[in-house]
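Working notes, beginning with the structure itself.
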Amino acid sequence: MIIPQPAGLRRMPGRLALAPSIRLEAGPGAGPAAELLAHHLGPGRPRSFAGTPLRLALRPGGPPESYRLVVAPGGLDLTAPALPGLLHGVHTLRLLMDEDGSGWPCVDIADAPLMPRRGVLLDVARHFMPLDFLRSFVDELALHKLNVLHLHLTDDQGWRIEVGTRPRLTEIGARRTEPDGSVHAGHYTRKDLVALVEHAASRGVEIVPEIDMPGHVRAALAAYPGVGNDPRGGVTVWNGWGVSEDVLAPHDGSLDFLRDVLDEVAEIFPSPVVHIGGDECPTVQWERSPAAALRAREAGLDDPRLLRSWFVARLHEHLTRLGRRTAVWDDGSRLPKGRLPADALLTVWLDAAHAATAVARGHQVVMAPHTATYFDYRQSDGPDETPAPGHPVTTLADAYAFEPLAGGLPAADIRRPGQAGVVAVQAQLWTEYAPTPDHVRYLAYPRLCAFAEAAWCAERPGFAAFRSRLPAHLGVLRSIGALAGPGPRWQRPGEAAERMKR
């Protein structure tokens, strides 16, 4: 009937018809969910103290994201042990609503998720995405019962977050000149991001910020060359893709710079997790730097190539003082044992075997295997399906077949850092070849629908059943403007990015 499929759904005879005005009854603590339901029902339906009751209430018992929804001709009752469950129930009501918005079929639903953290990474560094799109995208994630938006805010190609103590990060680092001379620019102010965090929270979505370091930092080096390994500077915001050899210098000035950035990030984002990248950090500049060699010796390291783990450890210490959990990409799991803080959260992008290695070392992991969750990959091998020439294919069936606990991996609770296992799942939308929101939407749907069901359902009904529900679900997405317009033109290597306006 809907996506993701509820754990338990019983259809009952009849339907609940909505009156021109609505009688919303919200118990203590249920107000935010009632406001969201009123939003879904539209501004044309004023509230009333008469008519068919729509009751929302908190009721003890069960996981916090579980909910019970009973829709009958005489009214509906939505109950949950906590607000997240009520919000999920409201999103279910939105998906169940008749196409003309006149009411709902009668159902009895008891629902709860498989994985407690179900996320999507959106890369806004390679191509800046307007704030209005981010707000809409948050709404779409919530509709799919996805509760984490991982915002990749900085990279070689752009710095997108305002930092008051380091203004050149956005004055210089948020702009790049393309090979054809055009300029791609854009950043979010502190006010923008605070408002986005509040909007996301009202939908039950947590925003996890990512500030990439000590690699993927050319935008930062263009703004502040002193934190780089070449004091002469000359680094520009990169207008190409790949992995740059330009990385942060391992000196105290770089650490002070990063601490300043992380202090402001922690003030903006209340998420208990802050992602610091930590991956794809070439060490050639450190290997030929006498200063880096000295720093390595002072740190008790016999090889400057190990300075990446030194950086991660220092920043982990600072985030711990800020009361935050450090997350890094799973390149860190391939460092020698003991070189990565034991309570660092690893985002595993390779496969279940790498996740098993990380778990065996005592880590908690976010499962994000590229073969099933990288939606910048082509959706088919057709000649016109080429957002990134040469990339692999991840089909709709691949996304649906994603197994969060593949190979018998244990689940774990992110609130208990000493408990090794899988704490979350995540899909990725990298934007090297997706310069506009329409490109992102084209990449996301319908694969994000399949991922949402894989992340939510402990027992999936099967791909054929999913496909049978998909047309109606896409109709809902189309009605809210979530699907891409016809024929977005794909960005190809060597072409200038389209200029984005906020």
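Remarks
- Residue within the stretch 445-457 that is touching a residue at least 60 places away in the same chain (Cβ under 8 Å), open to solvent by 20 Å² or more (accessible area, probe 1.4 Å) and part of a loop (DSSP other than H, G, I, E, B) present: no
- If the condition is being outside any loop (DSSP other than H, G, I, E, B) and either open to solvent by 40 Å² or more (accessible area, probe 1.4 Å) or touching a Phe, Trp or Tyr at 6+ places or on another chain (Cβ under 6 Å) (or both), then the stretch 377-408 contributes 378, 393, 397, 398, 399, 400, 407, 408.
- Checking residue 423 against (1) more than 17 Å from residue 146 (Cβ to Cβ); (2) touching a Pro at 6+ places or on another chain (Cβ under 9 Å); (3) assigned to a strand (DSSP E or B), the condition it does not meet: (1)
- Residues satisfying the stated conditions in the stretch 196-238, i.e. charged (D, E, K, R) and closer than 21 Å to residue 316 by Cβ: 206, 210, 212
- Cross-chain or 6+ apart pairs with Cβ under 7 Å, the stretch 1-17 first and among the polar types (S, T, N, Q), then crowded, with 16+ Cβ neighbours inside 10 Å: 5/453; 5/457
- Of the residues 301, 294, 307, 340, the single one that is of a type in the set (A, V, I, L, M, F, W, C), over 19 Å from residue 275 (Cβ atoms), outside any helix (DSSP H, G or I) and more than 21 Å from the chain's Cα centre (by Cα) is 301.
- If you filter the stretch 150-165 down to residues that are assigned to a loop (DSSP other than H, G, I, E, B) and touching a helix residue (DSSP H, G or I) at 6+ places or on another chain (Cβ under 6 Å), you find that the one that is surrounded by the fewest Cβ atoms within 10 Å (Cβ to Cβ) is 165.
- A single entry from 142, 219, 223, 185 fulfils the requirement of being open to solvent by 10 Å² or more (accessible area, probe 1.4 Å) and of a type in the set (A, V, I, L, M): 185.
- Applying the condition of being among the hydroxyl-bearing types (Ser, Thr, Tyr) and under 19 Å from residue 241 (Cα atoms) to the stretch 152-183 and asking which residue is nearest to the chain's Cα centre (by Cα) yields 154.
- Qualifying position, being open to solvent by 10 Å² or more (accessible area, probe 1.4 Å) and in contact (Cβ under 8 Å) with a residue 60 or more places away in the chain, among 175, 232, 288, 259: 175
- The stretch 1-21, subset assigned to a strand (DSSP E or B) and touching a Gly at 6+ places or on another chain (Cβ under 7 Å), residue most open to solvent (accessible area, probe 1.4 Å): 15
- Filter pass, residue 62 being in a loop (DSSP other than H, G, I, E, B), open to solvent by 20 Å² or more (accessible area, probe 1.4 Å) and within 21 Å of residue 107 (Cα to Cα): yes
- Residues that are crowded, with 22+ Cβ neighbours inside 10 Å and of a type in the set (S, T, N, Q), drawn from the stretch 351-376: 364, 373
- All of 9, 37, 18 fail the test of being of a type in the set (A, V, I, L, M), closer than 14 Å to residue 96 by Cα and modelled with pLDDT under 95, apart from 18.
- Qualifying residue in the stretch 31-49 (condition: assigned to a strand (DSSP E or B) and either open to solvent by 20 Å² or more (accessible area, probe 1.4 Å) or in contact with a Lys or Arg (Cβ under 9 Å, 6 or more places away or on another chain) (or both)): yes
- Selection over the stretch 83-126 of residues that are assigned to a strand (DSSP E or B), open to solvent by 10 Å² or more (accessible area, probe 1.4 Å) and more than 26 Å from residue 405 (Cβ to Cβ) gives a count of 2.
- Considering the stretch 119-164, and only residues there that are among the acidic types (Asp, Glu) and in contact with a Gly (Cβ under 9 Å, 6 or more places away or on another chain), the residue that is farthest from residue 272 (Cα to Cα) turns out to be 156.
- Yes/no for residue 69 being in a strand (DSSP E or B) and either in contact with a His (Cβ under 7 Å, 6 or more places away or on another chain) or open to solvent by less than 40 Å² (accessible area, probe 1.4 Å) (or both): yes
- All positions within the stretch 40-62 that are within 21 Å of residue 142 (Cβ to Cβ) and modelled with pLDDT of 95 or more: 54, 56, 57, 58
- Selection count where residues are at pLDDT 90 or above, under 17 Å from residue 369 (Cβ atoms) and touching a Lys or Arg at 6+ places or on another chain (Cβ under 9 Å), scope the stretch 294-345: 1
The values are calculated or read from the model by the stated rules, or taken from the named source; none is laboratory data. Being a predicted model, the structure only gives us computed values, none of them experimental. Cβ: placed from backbone, ideal geometry, glycine included. Neighbour counts: every protein chain shown. Quick note on the areas: whole protein, heavy atoms, side chains included, nothing else; ligands and nucleic acids left out. Shrake-Rupley method; radii C 1.70, N 1.55, O 1.52, S 1.80 Å.
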